[in-house]
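Below: the structure, in structure tokens.
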Amino acid sequence: MSEQSRRPHRPAKPYRRPQKDPVRVLAFDALRAVDERDAYANLVLPPLLRKARENGDFDARDAALATELVYGTLRRQGTYDAIIASCVDRPLREVDPPVLDVLSLGAHQLLGTRIPTHAAVSASVELARVVLGDGRAKFVNAVLRKIAQHDLDGWLERVAPPYDEDPEDHLAVVHSHPRWVVSALWDSLGGGRAGIEELLAADNERPEVTLVARPGRSTAEELLTEEAAVAGDWSPYAVRLTEGGEPGAVKAVREGRAGVQDEGSQLVALALANAPLDGPDEKWLDGCAGPGGKAALLAALAAERGATLLASEKQPHRAGLVAKALAGNPGPYQVITADGTRPPWRRGTFDRVLMDVPCTGLGALRRRPEARWRRRPEDLENFAPVQRGLLRTALDSVRVGGVVGYATCSPHLAETRAVVADLLKEHPEAELIDARPLLPGVPDLGEGPDIQLWPHIHGTDAMYLALIRRTA
């Protein structure tokens, strides 16, 4: 009798169809959209969640878990890439992106959540079977079992270079930021390890939703009647929704009397509105108004003083968002589609001008974590001519004695002080105003006269503002 015939017959295991987990499949779909279409998670995720709820697949807990999986994976992508790279036998660039997304989702469940190890691995392997097939699911299983051998601190000791040998690379791996971003933020802060670590850690925290009560249409007191609502720290119009509050459930938001707006953005508008003027205060301009948050607040403040706001936006679809945000404003306003570097209005027309210029967005990495991986140092060169051109337009557009607010949602010195310094060199008729007294009660605004807000200090996006008066 042959050896083969003496072996007992073992029936093959019956094929088991993979079990589709709606939460993890949705999270995977969101990550693929971010990767394949350069979409932003904050734009992709809400419609996916809404559709899942309408189909009866999701409850509130499911939506919260899906949101955590997507944003947590994107925020810690750099750290997880370093860990995954140490667990695979090929360069990370040779791993198919969909496989890498499943591995990253699994790594986040293992290292960034309280999901038990067995459940995190099995759920991720099951996801791989659904979206990748059984063959690649085996690869996912092997890699995740390696990752599960250590917790996050244990992995960081293994994959991050020692701080003393390479401080920037250490911080980049530990806090999941590109090295060049770490370097730029460190320069903007002015040195010191504690500050940069606190800032990078704050970038990886999920920000609370902040609402703005639009003057003349709503009040902070009205918004504070909402469940889990607390007053903002600095702006009298700000209210934060804690515990994952849903802004769409707030009546004033649905009616357009209030909106979603970071408190730093509110402070920029308030500082410009409160800046002292010489002469009339009747005509205001928001020269880069999209998507309309600052414009809506400025228009409401202008209406209280009998002033008019002109909101200009280059992109037609963003101009539409501005018009929607301003609809119902209690005073007169106008929304136009125009290029701020070639304005249709006459020089010296306005008393107050805001130019919140296009930028790298490095100040809003809490809200758009994927932006840190898309931006490159050369983007600064692309933005520079536009930023300088828009600031020159702003100065030309304001009358003598009027005030310009130059704002960016980036603390990068090349997008902030360097742009303002170049304008002051070219235009002796421009002078800086100390903006700090215009935000009473807000601490640690910098050396002045400009303002730099920080997530780890103020709990806001890292907004920058310089106020400039035209003197001749």
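Worth pointing out:
- In the set G106, G135, G154, only one residue is of a type in the set (G, A, S) and open to solvent by 20 Å² or more (accessible area, probe 1.4 Å); that residue is G135.
- Long-range neighbours under 7 Å by Cβ, at least six apart or interchain, first residue hydroxyl-bearing (S, T, Y) within region 28-47, second assigned to a loop (DSSP other than H, G, I, E, B) and crowded, with 16+ Cβ neighbours inside 10 Å: Y40/R368; Y40/E370
Quick grid of which residues meet (1) among the hydrophobic types (A, V, I, L, M, F, W, C); (2) open to solvent by 10 Å² or more (accessible area, probe 1.4 Å):
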| position | (1), (2) |
| --- | --- |
| A302 | yes, no |
| T308 | no, yes |
| A325 | yes, yes |
| Q334 | no, yes |
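- Residue among R392, R352, R366 that alone is open to solvent by 30 Å² or more (accessible area, probe 1.4 Å) and of a type outside the set (A, V, I, L, M, F, W, C): R392
- Yes/no for R366 being among the charged types (D, E, K, R) and within 24 Å of the chain's Cα centre (by Cα): yes
- Hits in region 330-371 (condition: in contact with a Gly (Cβ under 8 Å, 6 or more places away or on another chain) and basic (K, R)): R352, R368
- Scanning region 179-230 for residues that are touching a residue at least 24 places away in the same chain (Cβ under 8 Å) and touching a Ser or Thr at 6+ places or on another chain (Cβ under 7 Å) gives N204, E208, A213.
- Scanning region 454-472 for residues that are in contact with a helix residue (DSSP H, G or I) (Cβ under 8 Å, 6 or more places away or on another chain) and of a type in the set (S, T, Y), we see that the one that is farthest from A273 (Cα to Cα) is T460.
- Failed criterion for W373 (all others in (1) open to solvent by 60 Å² or more (accessible area, probe 1.4 Å); (2) in contact with a helix residue (DSSP H, G or I) (Cβ under 8 Å, 6 or more places away or on another chain) hold): (1)
- Boolean, D278 is over 19 Å from S235 (Cβ atoms) and without any contact (Cβ under 8 Å) to a residue 60 or more places away in the chain: no
Let's see how each residue does on (1) more than 22 Å from H177 (Cβ to Cβ); (2) within 22 Å of the chain's Cα centre (by Cα); (3) part of a helix (DSSP H, G or I); (4) at pLDDT 95 or above:
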residue: A66; (1), (2), (3), (4): yes, yes, yes, yes
residue: G72; (1), (2), (3), (4): no, yes, yes, yes
residue: T79; (1), (2), (3), (4): no, yes, yes, yes
residue: A82; (1), (2), (3), (4): no, no, yes, yes
residue: D89; (1), (2), (3), (4): yes, no, no, no
residue: D101; (1), (2), (3), (4): no, yes, yes, yes
residue: A119; (1), (2), (3), (4): yes, no, yes, yes
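- Consider region 1-45 and keep the residues that are among the basic types (K, R) and modelled with pLDDT under 95. The one that is farthest from N55 (Cα to Cα) is R6.
- From the list A184, A128, the one residue that fits, being of a type in the set (A, V, I, L, M), over 26 Å from P411 (Cβ atoms) and in a helix (DSSP H, G or I), is A128.
- When Y80, Y163 are screened for being crowded, with 22+ Cβ neighbours inside 10 Å and among the hydroxyl-bearing types (S, T, Y), only Y80 passes.
- Selection of region 202-235 for residues being in a helix (DSSP H, G or I) and open to solvent by 40 Å² or more (accessible area, probe 1.4 Å) yields E221, E222.
- Residue in region 254-261 that is of a type in the set (V, I, T) and open to solvent by 10 Å² or more (accessible area, probe 1.4 Å) present: yes
- In region 429-472, residue nearest to the chain's Cα centre (by Cα) [restricted to those that are surrounded by fewer than 16 Cβ atoms within 10 Å (Cβ to Cβ) and charged (D, E, K, R)]: D444
The values are calculated or read from the model by the stated rules, or taken from the named source; none is laboratory data. This is a predicted model, so every value here is computed, not measured. We place every Cβ from the backbone using ideal geometry, glycine too, and count neighbours over all the protein chains shown. When the accessible area is computed, the model is the full protein with side chains, heavy atoms only, and any ligands, DNA or RNA have been set aside. Shrake-Rupley method; radii C 1.70, N 1.55, O 1.52, S 1.80 Å.
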